[in-house]
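Visitor: Please read through the structure below; I'll follow up with questions.
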Amino acid sequence: QPLRLEQILRSKQNLLDSGYFRSVDYRLEALDPSAGPRLPAPVEDLRLVWRFRERKLAALESGVGYGSVDGLRLLGGWTHRNLFGRGQRVGLQANFAFAKDRAGRFGLGFQHESLEWRVLDIARLRARLGLLVFRELDYESESGAFSLETRAIRLSAARRLDAYTVLDLRQQFDFLYQRRIGDLPLPPVPGYNTRSLGLGVDRDTRDDFFNPTRGGHSWLSYKLAGGLQGGDHHFQRLQLNLTRHWRLPRAAVAAGRFYLGGVWPYGDSRRRTLVGVPADGVPFQERFYCGGGSTVRGYDESSLGPRIDPEAEDLVADLPGQSLPVYILGGRFALVGNLEWRLPLPLFGWRGLGSVLFLDGGGTWESLADIAGSRAWPWQTGDANDTRRVFYGLGGGLRYLTPLTVIRIDFGLPLQDLADRGGRWHFSLGQTF
């Protein structure tokens with residue numbers, strides 16, 4: 001059959017994605033003339049030979065990480081990639097961050113790679129089944145207002161539609177406990193639970209997971225919480241993410257991303273107010289946040305968009321003699337766009353070193369009416385403290401490609417800056433998108 005390089009590279013990536021192999025290589029060999037009939041010239045007969053290096057099926061893992069948000073983080077875990085020889089993967093994972101109000105997370109995961117269902121002995125459906133149970137302690141909410149404890153059970157079933165596309169169905173049970181607001185204790189607040197069903201489509205045509213040079217990654221997700229499922233929160237949440245990479249001369253790469261999100265409360269969430277939940281009925285953990293190293297660089301993490309006065313919104317009981325600062329509320333709608341120009345920078349013989357120039361823009365809003373063309377561009381005049389604007393950041397950074405991931409350092413200059421603090425540094429692992 002005809003030999004296509006794209007199919008070979010996709011097969012190599014699928015083998016690596018299975019988790020069973022540490023390395024996968026291939027080579028092309030000319031067939032022995034005496035091996036049998038040959039194709040007529042000028043077609044050349046070749047044989048494709050694969051070479052594998054297997055990964056240990058059971059492994060203990062540990063690591064140290066650092067980022068602008070979490071600071072120093074320790075990670076550890078145990079994984080078995082082929083339990084009982086049946087393609088089942090089970091693992092225990094834990095991490096601990098030293099930053100204030102980010103204590104850590106412990107989770108148990110199970111995954112079956114090729115579960116098969118029969119429907120009335122007429123049809124068969126092959127899919128990947130997953131189960132994740134975790135507990136996350138003292139995780140500071142994106143708004144900075146609350147610290148949360150989350151206990152969750154999440155079931156998932158995924159089916160590959162083709163070589164690039166995966167359909168994913170999820171059932172989630174989240175139990176949330178709000179611990180405090182700022183540095184002050186919360187009055188007694190009952191724990192809330194969210195029961196949701198989610199559907200997602202993910203299409204990935206990138207030529208490399210860590211450092212792509214062409215192709216794209218697009219996904220669409222929809223989550224329905226509450227309703228017949230029960231629970232304390234009732235809302236719909238929709239997200240769309242589009243990324244694309246283009247090869248340029250001299251090994252440069254142009255990359256772009258467009259992200260859009262929205263959440264709509266319904267039912268009881270619109271008719272009643274819960275203690276510690278914003279008046280519109282959308283809980284903090286389901287809102288959208290913007291600003292920082294993964295969205296709009298040049299601004300503090302999650303610093304853009306609607307703000308909230310906890311005392312004015314009755315999120316806490318009266319505390320005589322004490323006042324609370326204004327926090328980020330988070331928006332019900334989000335829009336983010338990014339452009340990057342990535343260039344190799346082979347200094348001192350470091351072949352994995354690269355540079356990047358970027359332009360980011362985005363924001364979050366409480367309602368669609370707050371999104372206006374008069375606040376869409378950086379050169380438009382207006383109130384400097386108007387949080388309904390689209391915020392822009394411009395800057396550059398360095399990338400270093402390691403065998404495991406990409407280390408990135410960025411410096412962004414805000415084109416609108418509510419805090420008037422100049423530029424910000426952002427340090428993390430992996431490409432921005």
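Yes/no per residue for (1) among the hydroxyl-bearing types (Ser, Thr, Tyr); (2) more than 15 Å from Leu359 (Cα to Cα); (3) assigned to a strand (DSSP E or B); (4) out of contact with any Leu (no Cβ under 9 Å at 6 or more places or on another chain):
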{"residue": "Gly397", "(1), (2), (3), (4)": "no, no, yes, no"}
{"residue": "Ile407", "(1), (2), (3), (4)": "no, yes, yes, no"}
{"residue": "Leu413", "(1), (2), (3), (4)": "no, no, yes, no"}
{"residue": "Gly422", "(1), (2), (3), (4)": "no, yes, no, no"}
{"residue": "Phe427", "(1), (2), (3), (4)": "no, yes, yes, yes"}
{"residue": "Phe433", "(1), (2), (3), (4)": "no, no, no, yes"}
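Visitor: Additional query: Please verify whether the stretch 254-262 includes one or more residues that are of a type outside the set (Phe, Trp, Tyr) and free of Cβ contacts under 8 Å to residues at least 60 places away in the same chain.
Guide: no
Visitor: Run Tyr289 past the list (1) modelled with pLDDT of 80 or more; (2) in contact with a helix residue (DSSP H, G or I) (Cβ under 8 Å, 6 or more places away or on another chain) and report the number of the one that doesn't hold.
Guide: That leaves (2) as the condition not met.
Visitor: Then there's this: Out of all the residues in the stretch 145-172, which are under 22 Å from Leu131 (Cβ atoms) and among the hydrophobic types (A, V, I, L, M, F, W, C)?
Guide: Ala152, Ile153, Leu155, Ala157, Ala158, Val166, Leu167, Leu169
Visitor: Being surrounded by 20 or more Cβ atoms within 10 Å (Cβ to Cβ), assigned to a loop (DSSP other than H, G, I, E, B) and of a type in the set (A, V, I, L, M) is the filter; apply it to the stretch 296-331 and report the residue that is modelled with the highest pLDDT.
Guide: Val296
Per-residue answers, yes or no, for (1) under 25 Å from Leu15 (Cα atoms); (2) at pLDDT 95 or above:
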position	(1), (2)
Ser196	no, yes
Leu199	no, yes
Asp207	yes, no
Phe235	no, yes
Leu238	no, yes
Leu274	no, no
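Visitor: Another question about this same structure. State whether the residues of the stretch 254-267 include one that is hydrophobic (A, V, I, L, M, F, W, C) and modelled with pLDDT under 95.
Guide: no
Visitor: I've got another one for you. Going through His234, His245 one at a time, which residue ends up being crowded, with 22+ Cβ neighbours inside 10 Å and in contact with a helix residue (DSSP H, G or I) (Cβ under 6 Å, 6 or more places away or on another chain)?
Guide: From the options His234, His245, the qualifying one is His234.
Visitor: Of the numbered conditions (1) modelled with pLDDT of 85 or more; (2) assigned to a helix (DSSP H, G or I), Phe348 satisfies every one except a single condition; which is it?
Guide: Only one criterion in (1) modelled with pLDDT of 85 or more; (2) assigned to a helix (DSSP H, G or I) is unmet by Phe348, namely (1).
Visitor: Touching a strand residue (DSSP E or B) at 6+ places or on another chain (Cβ under 7 Å) and at pLDDT below 90, is that true of Gly281?
Guide: yes
Visitor: The conditions are (1) among the aliphatic types (A, V, I, L, M); (2) more than 18 Å from Gly293 (Cβ to Cβ); (3) surrounded by fewer than 17 Cβ atoms within 10 Å (Cβ to Cβ), and Leu339 fails exactly one of them. Which is it?
Guide: (2)
Visitor: Quick check on the stretch 76-98: of everything there that is surrounded by 13 or more Cβ atoms within 10 Å (Cβ to Cβ) and small (Gly, Ala, Ser), which residue is farthest from Leu57 (Cα to Cα)?
Guide: Ala97
The values are calculated or read from the model by the stated rules, or taken from the named source; none is laboratory data. Treat the numbers as computed from the prediction; the structure is a model and nothing was measured. Backbone-built Cβ (ideal geometry, glycine too); neighbour counts: all protein chains shown.
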